[in-house]
Structures are given as structure tokens and as C-alpha cells.
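**Student:** Can you read through this structure? Questions will come right after.
The values are calculated or read from the model by the stated rules, or taken from the named source; none is laboratory data. What you see is a predicted model, and the numbers here were worked out from it, not measured in a lab. All Cβ positions, glycine included, derive from the backbone under ideal geometry; neighbour counts span all protein chains shown. The area values use the complete protein model at the heavy-atom level, side chains included, leaving out ligands, DNA and RNA. Shrake-Rupley method; radii C 1.70, N 1.55, O 1.52, S 1.80 Å.
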Number of protein chains: 4
Amino acid sequence: MKKEKLKKIKNKLSKIKLLILDVDGVLTKEEIIYDDQGRELKIFNVKDGLGVYLLRLIGIKTIFLSAKNSPILKKRAKDMKVVEVRGGRLPKEKELTEIKSKYKVKNEEICFVGDDLIDLGMIKKAGVGIAVKNACREIKKASDYTTSKRGGEGAVRQITDLIVEAKGAKKIILDFIKNPKTNQKN
Amino acid sequence: MKKEKLKKIKNKLSKIKLLILDVDGVLTKEEIIYDDQGRELKIFNVKDGLGVYLLRLIGIKTIFLSAKNSPILKKRAKDMKVVEVRGGRLPKEKELTEIKSKYKVKNEEICFVGDDLIDLGMIKKAGVGIAVKNACREIKKASDYTTSKRGGEGAVRQITDLIVEAKGAKKIILDFIKNPKTNQKN
Amino acid sequence: MKKEKLKKIKNKLSKIKLLILDVDGVLTKEEIIYDDQGRELKIFNVKDGLGVYLLRLIGIKTIFLSAKNSPILKKRAKDMKVVEVRGGRLPKEKELTEIKSKYKVKNEEICFVGDDLIDLGMIKKAGVGIAVKNACREIKKASDYTTSKRGGEGAVRQITDLIVEAKGAKKIILDFIKNPKTNQKN
Amino acid sequence: MKKEKLKKIKNKLSKIKLLILDVDGVLTKEEIIYDDQGRELKIFNVKDGLGVYLLRLIGIKTIFLSAKNSPILKKRAKDMKVVEVRGGRLPKEKELTEIKSKYKVKNEEICFVGDDLIDLGMIKKAGVGIAVKNACREIKKASDYTTSKRGGEGAVRQITDLIVEAKGAKKIILDFIKNPKTNQKN
């Protein structure tokens, strides 16, 4: 990856207040898992979880935006201190006006991460659009940045690390790690 | 992959009206998953799902043809708008006459995707026979084309993308993505 | 792999009547899967399954020999037409005398496949000892042959294919595939 | 890896009496797995299991130290003869004083293995701090050694093998393998 490109994306990420994540293929390895009694399972990544959990220490909220809602997302959202799980409405970019108004953020304060065609509108309209490594061609082409890690294998952590760096906020994170009780906001 | 080979397979795929997919090893990573109470699980790929779901916008139906039927296949078929799940009868090619009559398709309008010996008859008899990367030697040898992706890792999406390209139908897909409600047929 | 080595292992495999398979790490990817209610899951490979299933057409029986028994093994054994699941007794090689007597086979008619230290005695004592790619050093060193595929990713199928080749029995297999009903023995 | 570095870590490991393992990302592939009824699953590695199980033959106890406790850990701990599962308190290094007193070990007799920021205090304070291949930068930098295998793919076994080598205790292990009953201590 070019240094120039990294500098540019960091500059954009330094303004972010809201991180919106697609789920399947971004927080997971594109897996749709069913058992023969109709139950679903999802496999998330523990490092993505810590990354998102720590973002709120520097005032960044996270939202899951999936084409399909599921109780699993609610459970994982709780672990990661994600503020909202939105799902079910297509095209996804229809949610954008409501989200901006609800969280009082401007377009350039929103980063969206996606991997497939139904994320195309969001990738184009959000202030910062990021594609995971396993995204389809159209998403990569329309995005500001593509992660070097695949969805479910730490792509989201790579992005949260980049945001922390862009904000110059690593010390806040490390202080919290040393002293979670004292530093915990919520 | 040779350009010549790609041109040839696209030409064949431009006539397709029916896509028949083997399940284990094609829609999954060859995994057979059991728990200790006799339940089964299957892991599908979300990008394969969207690929098949979108095919019906250009008039292509999809069928799952497995050696073993399972309620899991029915559930995944519903997500993907697959018209039928066939299973249980061997050799699989015995289903071909019935399928052609039921869906009113000619042999050259059928594409079958398989990975193992029990798919050999279908690979040979269907108008277009495609092997996934992880197919056994005999299947690859008898097929018109081999995907560069493995089963469960996007091999089926690679094929549906190829069909869309072969049919020159990418605009239809992207219009639907922008406006799912208006464009939705079913 | 050297041609010489392949020729030698094929010569040994041409005499085989009984295939004894360790389970974890050989039929699976070394995974031990639990849920929070004490249930276990196992992930097998569908191509291994067909390979073992077809072996009985050429008169070769298969046994699972695991350090730990489980109802999951029984279920998978049924799919694969495995004649027996043995588990629980250590060291595993203690089973050998009983197995030889029960199945009326000589030592050189037995092939054992393993991956870890507790398989060492069996690897040394069975007529043919095969290590999977992911076996520990000691097992590889003591074995007649090491597969190029990992356990759970088709290592067992690689061995059953090698046995079919060694026995010159590919036509029997392909005839059965074309006509399962007529050719089915059991 | 440099020979010098391997010699140094073996020298340190030769004094170890207690092995403390982080769980997610160390004993697993960073996976957090939920089903839609709130149940959790974890995928461990069978070779890690045997490695830890055998350590107690040479007088080394193992502890799981996780940020989140779970009944799954208790079950896997029982398989592996792990003496204690500790979880829930952050920062993790707060447990160190209690652990040292309970197990009557000095700091240089403790080896801790971790992969993410919340392991940083333990990595720094334990006599020997080991990072798995998939650890974050900060953990690798603070550790005495980084495994070449990833968590859940045999990283822990790599460490237990190294400890056995460092202690010159391979014969004890192999004798037990040959004769588990006679040699079993517990």
C-alpha cells in the first residue's frame, strides 16, 4: 500500500465520530451457518470486538447495519458496546438520513465498512467508505480504502487501530488497558 | 486462465436458463458437521447467496441437487430464492429428464456445478459442466470450466458473476441494488 | 515427493484389507468444539466420506480408533459405512491383537493413519503406518508415508484414492458411480 | 528464527513451573461463536490439549486466564487437566499475586501466553511472556518469544513442546505414551 494513500485515509478517519459496520463478510468470514432445526450461528473475531469496544473511549460510536437482523447481532453488539443494530431495510443508504439526525453527525464524520453489492450506496454516500479485502470489485472500486485483512479475520480491528492512530489517541487506549476500572466511562 | 477458455465458457453460459448446484463441497467447504445429539450444521457463503438471489432478476432459476436431503438445504434455498431442492436419488443424472420437462429447458440451457465422483454423470450430461477448484481430478477433466475459488469460499458467486457478464446483464443487477423495491419481481 | 517413495507405498497398500483411522486431526482439522451446555461438535470432510464409503466395494473395511469415543463418531461412521468405532483404551496398539483376530487379517493387511504421539505405537506396529501432513514430528518419522493434505481437508481421501490405485480398482469404483443400485453390495 | 533467541527462551522455560494461558486467540482462532438462542461455542485444538495434558507429568501446572469466564472453559480445562480457570477480573495482572501465593511459585517460574492488549500487563510481569503469531504488535514487542503457529492452530503445543525440550524431559513423555496406565500420576 502506498504511503500517500495511508496518509489520506488517516486524514479522513481523524474526523470520524460514527463507525457503521456491515456484518456478514465484514465482521464474519462470509459464513451463513444453519443447523437442521433452523437455528443460525455466527462466528465473530475477538480482536475486532476489543477494537470496537475501545473506540467508545475516544468518543466514537459503532452501529451494525445488516440486510438481515438477528438476535445473534444483538448479543455480539452488547459485548462490543455497539450502540445500535439496524437491519432489514434495503437499500441500506436509506438509513443514512435517520442515522445522521439521530446521532447528530455530519456526513464526513461517518465511516462505513462493507463487502458486497448491497453496500454500494453506503460506500459511496458515507464520508469514508472502506472495503474489506474480500469485498467484491465494485465495492473496492467505490471505496476510499481497502483493508489488508479479510472480514472475520481482523479487518475491523485494522480499521479501529487506524482510527485510533489517526486521532492520535493511543495513550488513552493504553491507559484504559492498565486501569480499566478508573478509566471506564460506561 | 487462458482468454480463449474464458470466451468459450461465457459463450456457453450466455444460453443458460437453469443453474443446478451440488451442495457439499460446492456451496460449502466440504464440511460435514454433527453434534453429539445427531444434529447437523452447514456453513454456506453469503456472497454465493446474493449471487444466486440476483440471478432470478435475469430469468435464471437455481436448483440444489444433493446426494442427501436435509432441512438445512430448504432453509438456505429459501434465502437464496432457489426454486427446488432435490436430493436422495443416485445417480444424480437420473433427475435430468424430469428437470428438463418440469422447467421446459433444453440441455444447452442447463449449467451444473459439482465437485466429486457422484457428480460425474451430471457434469458430462448437462449443457455446461463446471468444476469447483476443490473438485476431484475426474470432475475437473470432464468439465467445461474450473473455478479459481473453492466451494464455500465464493466459487458459486464466481459462476453467477460469469453468467451475468455472459448475458450482458450487469446493469439490471445494479439497478435492482439501487432500488430493490421497485425492481423486485417476487 | 519422490516417485520411488510413491511406488513403495503403493506396493504396501496393494495388500491392505483393513484401514484404521484415528479421528481428531486425521478425519478433522484438529478441532475440539464445545458449546456452553457441554455439547460437542465435529467437522468431517465430505470427500473423505465418499472415499471410505467406496473402499468397501473392493473389500476393504474401515475402523475409527479414537482416544475418546463419542456418539458423533457413530453417526459419521454410519454415513461412511465404517464397520466399527473403537475408543477409550490407551495405548491404542493394545487393540491390535483383538482387531487382527476379529477381522482375520495379518499385520501387513492393516493400514493405520494417525497424527499425534498417542498414535505412535499403532504407526510403528501396523503393516502400513501413514501420517497426515499435520502430524507431529515423531509420527511422521515413524510412518511409511505422509499425505500432502491435512487432516479434515481430504487427507483420508488421498489415502483411499492411493489404495484404489494400488489395487488397480478404479474401474470398479467408476462402474458403481454410474450404477449405484445394481452394483451396491450392501 | 535466530538460534540465539531459541536458546535464550529455552533457558528461561527450563525454570517454568506454571503455565498461564489466555483463551481467545491463544487456545482458539480468535473466534467468538454465538447461536441465535444466546449459546456460545468454542473451537479448541486437539494437539494443544495433549501438549498441556502431558506437561503435568513433568510437574508443570496450567491455568486458563480469560477476560470472560464460560462453562466451555471448565469443560475444556477438565480434558486438558488444567488446574484452574480464572476469569472476569481486569486488568489480568491483578491475579498474579494471588496466583503466586496459591501455587507457591516465583515470578521466573511463571510463563504467560497472550495475544491482545488486555494481556499486556501479564506479558510484561510474568517471568516468561510469550506472544502467539496472531498477537497484536504491542504484545509481540513486550514478549520474550513469538510462536510461529497461530492461536488455535497449535501455538500452545509449540510452547509445551519447547518446555519439554527445555527441561530435557522428552523421555518421560514418550514412556508415558507407551504405558499410560503405569505412568499415570493422576
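**Student:** Rg and Dmax of the stretch B:16-146 over Cα atoms: what are they, in angstrom?
**Tutor:** Both quantities, over Cα of the stretch B:16-146: 14.1, 45 Å.
**Student:** For chain C, return all DSSP H helices satisfying: extent of Cα atoms along own axis at least 27 Å; mean Kyte-Doolittle hydropathy at least 0.5.
**Tutor:** Once both thresholds are applied, nothing remains.
**Student:** Excluding ligands, DNA and RNA, what is the accessible area buried between chains D and A, summed over both sides, using a 1.4 Å probe, to the nearest 100 Å²?
**Tutor:** Answer for the D-A pair: about 2300 Å² buried.
**Student:** How are the alpha carbon pair distances in the stretch D:13-79 distributed across 10 Å bins from zero to the largest one, expressed in percent?
**Tutor:** Per 10 Å bin, starting at 0, the Cα pair percentages come out as 18, 51, 24, 6, 1.
**Student:** Right, something else. Through the Karplus equation 6.51 cos²θ - 1.76 cosθ + 1.60, θ set to phi - 60°, convert the phi angles of the stretch D:15-27 into ³J(HN,Hα) values in whole Hz; use x for Gly and Pro.
**Tutor:** In residue order, the calculated couplings are 9, 5, 10, 9, 10, 10, 10, 5, 9, 5, x, 10, 8 Hz.
**Student:** Out of residues 5 or more away from A:GLU31 or on other chains, whose amide H comes under 5 Å of its own, with H placed 1.01 Å from N in the peptide plane?
**Tutor:** Those qualifying (amide H under 5 Å, at least 5 residues apart or on another chain) are A:GLY25, B:VAL46.
**Student:** Here's something else I'd like to know. Considering amide H positions built from the backbone, and no H for Pro or chain starts, which residues 5 or more places from A:GLU84, or on another chain, come under 5 Å of its amide H?
**Tutor:** The list, which skips near neighbours in sequence, is A:PHE64.
**Student:** Further question on the same structure: Sort largest first and round to whole Å: the equivalent ellipsoid semi-axes of the stretch C:78-186, each the square root of five times a Cα gyration tensor eigenvalue.
**Tutor:** Here the semi-axes work out to 26, 18, 13 Å.
**Student:** Given points 7 Å out from each Cα along the Cα-Cβ axis, report the D:GLU165 to C:LYS124 separation in nanometres with one decimal.
**Tutor:** 2.2
**Student:** Quick one: with all protein chains in place, what share of the accessible area of the protein assembly as shown is carbon or sulfur, to the nearest percent (1.4 Å probe)?
**Tutor:** For the protein assembly as shown, the apolar C and S fraction of the accessible surface comes to 51 percent.
**Student:** A follow-up question, please. Take A:ASP175, project a point 7 Å from its Cα along the Cβ direction, then tell me which residues of the stretch A:32-68 have their backbone nitrogen under 12 Å from it.
**Tutor:** Answer for the stretch A:32-68: A:58.
**Student:** A follow-up question, please. Please list A:THR160, B:THR97 in order of solvent-accessible area, largest first, computed with a 1.4 Å probe with all protein chains present.
**Tutor:** B:THR97, A:THR160
**Student:** Hey, another quick one. How far, in nm to one decimal, is D:GLY38 from itself in the other copies if the label point is set 7 angstrom along Cα toward Cβ? Shortest first, please.
**Tutor:** Result, one decimal in nm: 2.0, 2.0, 2.8.
**Student:** Which percent of Cα-Cα pairs in the protein assembly as shown sits in each 10 Å bin, short to long?
**Tutor:** Cα pair-distance distribution for the protein assembly as shown, in percent: 3, 13, 22, 24, 21, 13, 5, 0.
**Student:** Here's another thing I want to ask about it. Axis carrying D onto A: which residue of D has the nearest Cβ, and how far, whole Å?
**Tutor:** D:LEU41, 5
**Student:** To the nearest 10 square angstrom, how much accessible area does C:LEU6 have with a 1.4 angstrom probe?
**Tutor:** 50
**Student:** Evaluate peptide B:42-55: per residue, the Cβ atoms of other protein chains within 10 Å of its Cβ; return the mean as an integer.
**Tutor:** 5
**Student:** When the helices in the protein assembly as shown are scored as -39500 (n - 2.57) per DSSP H run of 4 or longer and the sum is shared across all residues, what 222 nm value do you end up with, to the nearest 500 deg cm²/dmol?
**Tutor:** -11500 deg cm²/dmol
**Student:** Can I ask one more? From the label point of B:LYS141, set 7 Å along Cα to the beta carbon, how far off in nm is each other copy's matching point, shortest first?
**Tutor:** 4.0, 4.0, 5.6
**Student:** Oh, and also: So how far, in whole Å, is the C-alpha centre of the stretch C:104-149 from the one of the stretch C:1-54?
**Tutor:** One Cα centre to the other: 11 Å.
**Student:** Another question, if that's okay. Using a label point 7 Å beyond Cα on the Cα-Cβ vector, give me the inter-copy distances for C:LYS8 in nanometres, one decimal, shortest first.
**Tutor:** 4.1, 4.1, 5.8
**Student:** Which links in D:LYS68/D:LYS102; A:LYS17/A:LYS100; B:LYS141/C:LYS133; A:LYS140/B:LYS140; C:LYS133/C:LYS167; B:LYS61/B:LYS104 stretch past 19 Å when you go from one Cα to the other?
**Tutor:** Among D:LYS68/D:LYS102; A:LYS17/A:LYS100; B:LYS141/C:LYS133; A:LYS140/B:LYS140; C:LYS133/C:LYS167; B:LYS61/B:LYS104, the Cα-Cα distance tops 19 Å for D:LYS68/D:LYS102; B:LYS141/C:LYS133; A:LYS140/B:LYS140; C:LYS133/C:LYS167.
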